[in-house]
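Chemist: Structure incoming, see below.
The values are calculated or read from the model by the stated rules, or taken from the named source; none is laboratory data. This structure is a prediction, so every number in the text was calculated from the model and none was measured. Cβ coordinates were reconstructed from backbone atoms using ideal geometry, including for glycine residues, and neighbour counts include every protein chain displayed. The protein model used for the area step is the full one, side chains on, heavy atoms only, and it has no ligands, DNA or RNA in it. Shrake-Rupley method; radii C 1.70, N 1.55, O 1.52, S 1.80 Å.
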Amino acid sequence: MVKGNLTIISEFLLLGLSEGPEHQPLLFSLFLSMYLVAVVGNLLIVLAVCADPHLHTPMYFFIASLSCVDLCFTSVTVPRMLLNIQTQSQSIPYAGCLTQMYFLILFLELDNFLLAVMAYDRFVAICHPLHYTITMTPRFCITVMSVALIITNIYPLIHTFLMATLSFCASIRIRHIFCELYALLKLSCSNTHISELVVYTLGSFLFVAPFLFISLSYMHIFSAIRRLQSSQSKLKAFSTCSPHLAVVSLFYGTLFGVYLRPSSSYTTEDSVATVLYAVVAPMLNPFIYSLRNKDMKGALRSLLSWRKVCLGDNMSCF
């Protein structure tokens, strides 16, 4: 049904990074490889933390939670893109597009909150080590995760509702690999000022506030590290923070570059930047947290050796 220059949308077309048929096999292989690495890496982190009693601490609880979120994050976007490439179809249903957008914002927010909580965990461990066991209790960790889940579900619900009220022009071509918020706002023929106002008010608070909290936490952490007398103590304290700092830099570096500006300035090049935080970052996070962490590497070796024993004994472990 057509009314003026507007139409009732039943589907969108995800154009991806390239429309050239000659590029599709390469893109399929590339994203399939990255997705498999991300799934295996994050799953191993979760299994290692669950299986090793020595890793049943707040820090590893949040690392495992981050791996779960990253696993879900990539699973919301990459499988659909791989399916479209394999079937040579670019379409995604309207309801499926809004659902994908909802979960993208949800897991993006959860990543954001978890990085802030992990910064607080390092702040307490380094600046107030004697109070660590009293502050970072299992009850505190579960409460923080529960509150984060509630808050992070409200914000994407608001955007999904607002998006459902918008009208779209005849053009339904999304120059992206998934249904990203700004890409959809750019297609709308309706007034998107309310949606953008929500992004720059509530969205700025939910995304920028945790970043400022992380920055403030590390100001105190670096100040505490400088006061340490022993060089070995300084190195040990910094080594516990360096993986988290690497993940934070990768996450916020791409995130702020895309979202802290008007949707009207959104370009095709920004879809490459979103691939970094939606696919590349979840793939690299397990390596960042395990390569320089002796406890994590030991747990992963134990997990893999246990798996080999079970396979060697014809699954007798089960």
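Chemist: Scan (1) of a type in the set (Gly, Ala, Ser); (2) open to solvent by less than 40 Å² (accessible area, probe 1.4 Å); (3) under 24 Å from LEU149 (Cα atoms) for the single condition ALA237 breaks and write down its number.
Modeler: (3)
Chemist: Separate question: Look through region 169-184, keep the residues that are open to solvent by 20 Å² or more (accessible area, probe 1.4 Å) and assigned to a strand (DSSP E or B), and return whichever of them is farthest from LEU149 (Cα to Cα).
Modeler: Among residues in region 169-184 that are open to solvent by 20 Å² or more (accessible area, probe 1.4 Å) and assigned to a strand (DSSP E or B), the one farthest from LEU149 (Cα to Cα) is CYS169.
Chemist: Among all residue pairs at least 6 apart or on different chains, which show Cβ distances below 8 Å where the first residue, located in region 277-291, is over 21 Å from PHE256 (Cα atoms) and the second is surrounded by fewer than 21 Cβ atoms within 10 Å (Cβ to Cβ) and charged (D, E, K, R)?
Modeler: What qualifies is SER290/LYS297; LEU291/LYS297.
Chemist: Could you list all residues from region 148-167 that are within 22 Å of GLU11 (Cβ to Cβ) and out of contact with any helix residue (DSSP H, G or I) (no Cβ under 8 Å at 6 or more places or on another chain)?
Modeler: PHE161, THR165, SER167
Chemist: SER249 versus (1) closer than 26 Å to SER290 by Cβ; (2) at pLDDT below 85: which is the lone unmet condition?
Modeler: (2)
Chemist: Residues to consider are LEU82, LEU110; find the one that is over 22 Å from LYS236 (Cβ atoms) and modelled with pLDDT of 90 or more.
Modeler: Every option except LEU110 fails the conditions.
Chemist: Is there a residue being open to solvent by less than 50 Å² (accessible area, probe 1.4 Å), of a type in the set (S, T, N, Q) and modelled with pLDDT of 75 or more anywhere in region 258-277?
Modeler: No, every residue in region 258-277 fails to be open to solvent by less than 50 Å² (accessible area, probe 1.4 Å), of a type in the set (S, T, N, Q) and modelled with pLDDT of 75 or more.
Chemist: Okay, moving on. With the requirement that a residue be without any contact (Cβ under 8 Å) to a residue 40 or more places away in the chain and in a loop (DSSP other than H, G, I, E, B), what does region 37-56 give you?
Modeler: HIS56
Chemist: Determine whether PHE73 is part of a helix (DSSP H, G or I), at pLDDT 90 or above and touching a Phe, Trp or Tyr at 6+ places or on another chain (Cβ under 8 Å). Steps first, please.
Modeler: Values: part of a helix (DSSP H, G or I): yes; at pLDDT 90 or above: yes; touching a Phe, Trp or Tyr at 6+ places or on another chain (Cβ under 8 Å): yes.
Considered against the rule, which asks whether it is part of a helix (DSSP H, G or I), at pLDDT 90 or above and touching a Phe, Trp or Tyr at 6+ places or on another chain (Cβ under 8 Å), PHE73 comes out as yes.
Chemist: Go through region 47-85 and report how many residues are under 17 Å from LEU27 (Cβ atoms), crowded, with 22+ Cβ neighbours inside 10 Å and of a type in the set (S, T, N, Q).
Modeler: Number of matching residues: 2.
Chemist: For region 13-36, enumerate the residues that are at pLDDT 85 or above and either buried (at least 17 other Cβ atoms within 10 Å of the Cβ) or in a loop (DSSP other than H, G, I, E, B) (or both).
Modeler: Within region 13-36, PHE31, MET34, TYR35 meet the criteria.
Chemist: Now for a separate question. Is at least one residue of region 90-110 farther than 24 Å from ALA164 by Cα and not aromatic (Phe, Trp, Tyr)? Reasoning before the result, please.
Modeler: As a first pass, look at region 90-110 and keep what is farther than 24 Å from ALA164 by Cα: none.
No, the conditions are met nowhere in region 90-110.
Chemist: So, one more: Taking the residues in region 185-198 that are among the hydrophobic types (A, V, I, L, M, F, W, C) and modelled with pLDDT of 85 or more as candidates, determine which candidate is surrounded by the most Cβ atoms within 10 Å (Cβ to Cβ).
Modeler: So the first thing to find is which residues in region 185-198 are among the hydrophobic types (A, V, I, L, M, F, W, C), and the list is 185, 187, 189, 194, 197-198.
Subsequent filtering for residues that are modelled with pLDDT of 85 or more retains 194, 197-198.
Details: ILE194: 13, LEU197: 12, VAL198: 15.
Only one residue tops the list, namely VAL198.
Chemist: Filter region 199-222 down to the residues that are farther than 16 Å from PHE113 by Cα and touching a residue at least 40 places away in the same chain (Cβ under 8 Å), then identify the one that is surrounded by the fewest Cβ atoms within 10 Å (Cβ to Cβ).
Modeler: Once the filter is applied, the top-ranked residue is HIS220.
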